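A short worksheet on the structure shown next.
The values are calculated or read from the model by the stated rules, or taken from the named source; none is laboratory data. Treat the numbers as computed from the prediction; the structure is a model and nothing was measured. Don't worry about glycine lacking a Cβ; one is built from the backbone with ideal geometry, like all the others, and counts go over all protein chains shown.
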Amino acid sequence: MNEQTACPDAPLTTKIKSSAQLLFCLGCCCGRTDRGLPAVPVERIKAIWKAEKLNRDVQLTISGCLGPCDLPNVAVVMTGQEMHWYGHLNSDAHYDAFIAWARACVLESRVLPLPQSLDAFRLDRFANSALVSDERKTPVVPTRSDSGSSDERPPS
Ligand code: FES
């Protein structure tokens, strides 16, 4: 077993220091104005992130389909503690709220509470999942101790 395929002895860490990650979906439905769905102002957002170097603290990701296509446009905010999903984002004001939040996080060097103006657009992403029931706090992903072998890896 070479070094690249060996299982690490400790949890992996990254040198990337951003404290949050903001994903805007631009998939098969989100942002598809040609299908009559609201736009995602990707170029404007990317330009702001680049000009203001927001990525240092809030990593911006424009993603492919995130799953809940019935609620376009979708966004996700991930921090070290939480993950928040949003749906039905349909105006520049919604994206401006995320931009203002990211700017404030950078300014204060900490992850701030998410914009209250977007609370109505929060999405309980896994509320109807077939694999999650009342024990929603139980991890679905097996831990190393569950697997029985430290060499087990998902198929690639
Ligand atoms: S295209 Fe955005 S959730 Fe599927």
What number of residues in the stretch 30-79 are over 19 Å from the mean Cα position of the chain (by Cα), of a type in the set (Asp, Glu) and either more than 17 Å from residue 102 (Cα to Cα) or surrounded by 19 or more Cβ atoms within 10 Å (Cβ to Cβ) (or both)?
1
Condition set surrounded by 10 or more Cβ atoms within 10 Å (Cβ to Cβ) and of a type in the set (Ser, Thr, Tyr), scope the stretch 110-148, selection modelled with the highest pLDDT: answer is 117
Could you please let me know if residue 77 is within 16 Å of the ligand (Cβ to nearest atom), touching a His at 6+ places or on another chain (Cβ under 7 Å) and closer than 24 Å to residue 119 by Cβ?
yes
Report, by residue number, each residue of the stretch 21-41 that is more than 8 Å from the ligand (Cβ to nearest atom) and out of contact with any Pro (no Cβ under 8 Å at 6 or more places or on another chain).
21, 22, 23, 24, 33, 34, 35, 36, 39, 40, 41
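If you go through the stretch 9-29, how many residues are under 15 Å from the mean Cα position of the chain (by Cα) and under 23 Å from residue 82 (Cα atoms)? Show your work before the answer.
Residues of the stretch 9-29 that are under 15 Å from the mean Cα position of the chain (by Cα), as a first pass: 18-27.
From what is left, the residues that are under 23 Å from residue 82 (Cα atoms) are 18-26.
So the answer is 9.
Name the strands (runs of 3 or more DSSP E) wholly inside the stretch 48-91 in which the number of residues that are at pLDDT below 95 and within 21 Å of residue 18 (Cα to Cα) is 3 or more.
Numbers: elements: 58-63, 75-79, 83-86.
Fully inside the stretch 48-91 and qualifying: nothing.
With the requirement that a residue be farther than 13 Å from residue 25 by Cα and not hydrophobic (A, V, I, L, M, F, W, C), what does the stretch 35-69 give you?
Filtering the stretch 35-69 down to residues farther than 13 Å from residue 25 by Cα leaves 35-36, 43-44, 46-59.
35, 36, 43, 44, 46, 50, 52, 53, 55, 56, 57, 59, listed by residue number.
Return yes or no: is residue 110 in contact with a helix residue (DSSP H, G or I) (Cβ under 8 Å, 6 or more places away or on another chain) and away from the ligand (no atom under 16 Å from the Cβ)?
When the stated conditions are applied, residue 110 does not pass them.
On the given criteria, is residue 75 touching a Pro at 6+ places or on another chain (Cβ under 6 Å) and within 17 Å of residue 123 (Cα to Cα)? Lay out the reasoning, then the answer.
Details: touching a Pro at 6+ places or on another chain (Cβ under 6 Å): no; within 17 Å of residue 123 (Cα to Cα): yes.
Taking the combined requirement at face value, the residue does not satisfy it.
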